[in-house]
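In what follows, a single structure is set out as structure tokens and then discussed.
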Amino acid sequence: MSPQKNIDKTKIERVIATDCGSTTTKAILIEKKGEHYRLSARGEAPTTVEAPFEDVTRGVLNSFREVEELTGIDILEGEKIIKPKKSEKEGVDIYVSTSSAGGGLQMLVVGVVRQMTAESAQRAALGAGAIVMDVIASNDGRMPHERVELIRRLRPDMILLAGGVDGGTKKHVIELAELIAAADPKPRFGVGYSLPVIYAGNKDAREDIKRILGDKVALEIVDNIRPVLEKENLKPARDKIHELFMEHVMQHAPGYKKLMSWTDTPIKPTPGAVGSLVEKVGNKQDIDVLGVDIGGATTDVFSVFKDKSEGKRVFNRTVSANLGMSYSISNVLVEAGVDNILRWVPFHIDPSELKNRIRNKMIRPTTIPQTLEELIIEQAIAREALRLAFEHHKSMAVGLKGVQQERTISDAFAQSLAGGTLVDMMSLAMIIGSGGVLSHAPRRVQSALMMLDAFEPEGITMLTVDSIFMMPHLGVLADVHEEAATEVFDRDCLIRLGHSVVPVTDKPMKEGKLMAKVHLEMPDGSKKDLEIKWGDLFKVPLGVGEVAKAVIEPVKNVDVGAGKGKVLEVELQGGVVGLIFDGRGRPLTMPENPKDRVEKLSRWVRALEVYPEDLYSKLVGR
């Protein structure tokens, strides 16, 4: 892999960045205007990794040409990028790119104990931007021949093998290496090269692993993912995954060699770039952050939460590879169940009709809603896809499992102590929503309500969306110019919807019962006194960049972030939607009676002005 070129940040005034997706290649142009970096234009073109073109650079050039047309700036001379910038109307200083074309980075994870080293290895692969096709573990209940067959059938781009603490038993990880050798796996791309296998297990077994796998695969050895049970060391494995992705996988994907010669930094897998940006936001602002990208086939969830025992923030990413809004929409129906989707639909519809509409979308995955009815159903499904993906994420974003005094692998099989989830909704400061159903919702308040319903934040949380899905571009730019990336992210990418204020209790209260009193001092000096009652959902207008001083007084046994019954003084920030006050309780529960459900949902969507009233009245009046 070509090393990152030495780039003088002070000379970067114009950046072109692309994200080569599985269907669309998106280009953005960023320019320094005065002292600040801003987004100038965005262009897109179909990705050309498959026949008849089989050359990813065709789509990249086409997206560049759209940017040229929109800005009047010459980026290309023939098919060559003009670098560095020559004048106001010619050239760019750097070009960076991400990619998930060709199905992204597909990995197989192999570990000794399913809940311990295999799970740590899975976190390393997911954090590097991979799709984990399957996890094989010594205690997964499969027969050896089933594991061999699985390895042959999957044809991953790469295998990550881990297991054993340093100085512990070697036997189990050696057996797993022998399984891989017996399977003799072939890579997905390229016939004439060996499959990359990364070994990140017990250091005492390295020579054995070399002996078993050295001649059969492209073996790379890095530091142990779990050197001791109490410690997880994911960075060396993550870095090696990214390096091999570029060196092996991308080299053999159509046209990538040429694309790599154009870029000034290594190409990053799209999810890896988004994840690194979410991680930087959390660490830079010193806050707990949750990010989500909901696509047609998969839903990615990213989080940065403080591990109270370690005292530092931990980044996690999960991919729900079967939860999406087009190709895998029927899977959402299967996993969630028709009743869970129906509970978000604020009008009467027969369950069999709802099922047929969902199947229709799967048959025609590229269609978008044409009526309010279709839009509401799509957004109801999105809530369930997001909720299920988040449940999956919470199960993976955990403290270390298997921490114990007796450090032998046989004990680890018998006793794996579960670490609790790191996800703490009360400490969560920001949610970033991305993907078509959230970024392109006709009204921003629809995105806010989808995230409130799916993630159920508590206390004070800023709700935001990615305006035009440029987080991958900014994630890879941050590697070379963090200030430019975070500035564009803050000013052009992130749309602040506003703070949500959610008081919570241990058990449900009576409808209409007082939860908290809120005293607001608005930016113009005027005062507002509000009450949040059980079952309430309402908003108060407060614009982007405006701040209201709030004193929130919860009743006994109600918490808004300072503790049960304790007063919270806080500055609330506005946004495109304003301040949202949510007294619906946690967890959210809906009436089982369809008439009561429609009545309650109608009250909420009208209070927030979620849909145009004239169209909505016609719909519920049917």
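Mind grabbing the base-10 log of I(q)/I(0) for segment 277-327 at q = 0.20, 0.21, 0.30 Å⁻¹? Debye formula, identical points on the C-alpha positions, no solvent, two decimal places.
Here log10 of I(q) over I(0) equals -0.67, -0.70, -1.02.
With θ taken as phi - 60° and the coefficients 6.51, -1.76 and 1.60, list the Karplus ³J(HN,Hα) couplings across segment 142-152 in order, rounded to whole Hz; mark glycine and proline as x.
8, 7, x, 5, 5, 5, 4, 4, 5, 4, 5
Can you work out the Karplus-derived ³J(HN,Hα) for every residue in segment 322-330? Use 6.51 cos²θ - 1.76 cosθ + 1.60 with θ = phi - 60°, whole Hz, and x for glycine or proline.
Along segment 322-330, the couplings run 10, 10, x, 9, 9, 4, 10, 5, 5 Hz.
My understanding is that a pair violates if its Cα-Cα distance is over 23 Å; which of Lys26/Lys240; Lys9/Lys32; Lys308/Lys517 do that in this structure?
Numbers: Lys26/Lys240 27 Å; Lys9/Lys32 12 Å; Lys308/Lys517 31 Å.
Flagged as over cut-off: Lys26/Lys240; Lys308/Lys517.
What is the packing order of peptides 610-621, 105-116, taking the mean over residues of other C-beta atoms within 10 Å and listing the highest first? Don't skip to the answer; put the middle values down first.
On the way: 610-621: 14.1, 105-116: 25.3.
Top of the packing list down: 105-116, 610-621.
Counting only DSSP beta bridges with both residues in segment 1-157, tell me the antiparallel percent, nearest 5. Can you show the working numbers first?
Values: 20 of 34 bridges.
Counting DSSP beta bridges with both partners in segment 1-157, the antiparallel share is about 60 percent.
Using θ = phi - 60° and the Karplus curve 6.51 cos²θ - 1.76 cosθ + 1.60, what whole-Hz ³J(HN,Hα) does each residue of segment 153-169 get, with Gly and Pro shown as x?
Listing the rounded values in order: 6, 5, 6, x, 6, 6, 10, 10, 10, 9, x, x, 7, 4, x, x, 5 Hz.
Can you sort Arg147, Arg188, Arg317 by how many other beta carbons sit within 10 Å, fewest first? Could the numbers behind the result be given before it?
On the way: Arg147 21, Arg188 17, Arg317 26.
With the sparsest Cβ surroundings first, the list reads Arg188, Arg147, Arg317.
Over the chain, what relative contact order in percent results from Cα pairs under 8 Å that are six or more residues apart? Display every interim value, and only then the final one.
On the way: 1384 pairs, mean separation 68.0, N = 622.
Taking the mean separation of contacting Cα pairs over the length of the chain, I get 11 percent.
Provide Tyr256, Tyr193 in ascending order of the number of other Cβ atoms located within 10 Å of each residue's Cβ, fewest first.
Details: Tyr256 24, Tyr193 14.
Ranking Tyr256, Tyr193 by Cβ neighbours within 10 Å, fewest first, gives Tyr193, Tyr256.
Rg/Rh for the chain to two decimals, with Rh computed the Kirkwood way over all alpha-carbon pairs. Please report the intermediate quantities before stating the final value.
Working: Rg = 25.5 Å, Rh = 26.0 Å.
With Rg and the Kirkwood Rh in hand, the quotient comes to 0.98.
Name the residues whose placed amide hydrogens come within less than 5 Å of the amide hydrogen of Thr265, ignoring near sequence neighbours (fewer than 5 apart) on the same chain.
Result for Thr265 returns Ser97.
Considering the zone a paramagnetic label at Glu599 would reach in this model (a point 7 Å from Cα along the Cα-to-Cβ line), which residues of segment 535-578 have amide N under 18 Å from it?
535-537
For segment 104-266, take the convex hull of the Cα atoms, compute a quarter of its surface area, and give me that in nm², please.
Details: hull surface 36.2 nm².
Averaging across all directions leaves 9.0 nm² for the Cα convex hull.
Taking H as built 1.01 Å from N, whose amide H comes closer than 5 Å to the amide H of Thr169, not counting residues under 5 places away?
Ile409
Ranked highest first by average number of other Cβ atoms within 10 Å, how do 471-478, 204-211, 159-166 line up?
Working: 471-478: 28.8, 204-211: 16.5, 159-166: 27.1.
Packing order, densest peptide first, comes out as 471-478, 159-166, 204-211.
Out of residues 5 or more away from Thr47 or on other chains, whose amide H comes under 5 Å of its own, with H placed 1.01 Å from N in the peptide plane?
Here the answer is Thr24, Thr25, since their amide H atoms fall under 5 Å of that of Thr47.
Between Ser395 and Thr589, what FRET efficiency comes out of the Förster formula 1/(1 + (r/R0)^6) with R0 = 30 Å and r the beta carbon distance, rounded to 0.05?
Details: r = 22 Å, r/R0 = 0.73.
Working from the Cβ atoms, E equals 0.85.
Greater than 30 Å separation of Cα atoms is the criterion. Which listed pairs, Lys33/Lys257; Lys510/Lys566; Lys507/Lys595; Lys539/Lys564, meet it? Intermediate values should be presented prior to the final figure.
Values: Lys33/Lys257 33 Å; Lys510/Lys566 21 Å; Lys507/Lys595 25 Å; Lys539/Lys564 24 Å.
Beyond 30 Å: Lys33/Lys257.
Ignoring everything except DSSP H segments at least 4 long, calculate the 222 nm mean residue ellipticity for the chain; use -39,500 (n - 2.57) per segment, divide by total residues, nearest 500. Intermediate values should be presented prior to the final figure.
Working: 19 runs with 201 residues, N = 622.
So the calculated ellipticity at 222 nm is -9500 deg cm²/dmol.
Could you order the peptides 479-487, 72-80, 18-26, 520-528 from most to least packed, using the average number of other C-beta atoms within 10 Å per residue? Numbers along the way, then the final one.
On the way: 479-487: 19.3, 72-80: 13.6, 18-26: 23.0, 520-528: 11.6.
Answer by packing, highest mean first, reads 18-26, 479-487, 72-80, 520-528.
Sort Thr589, Thr117 by Cβ crowding within 10 Å, fewest neighbours at the top.
Working: Thr589 10, Thr117 34.
By the 10 Å Cβ count, ascending: Thr589, Thr117.
Per residue, how much space in cubic angstrom lies within the convex hull of the C-alpha atoms of segment 9-101? All intermediate terms of the calculation are to be shown ahead of the outcome.
Values: hull volume 8.3 nm³, N = 93.
Per residue, the Cα convex hull of segment 9-101 comes to 89 Å³.
Read the figures in this text as sums done on the coordinates, not as results from a lab. Keep in mind that what you see is a predicted model, and the values were worked out from it rather than measured. Methodologically, a virtual Cβ is constructed for each residue, glycine included, from the backbone with ideal geometry; neighbour enumeration extends over all protein chains shown.
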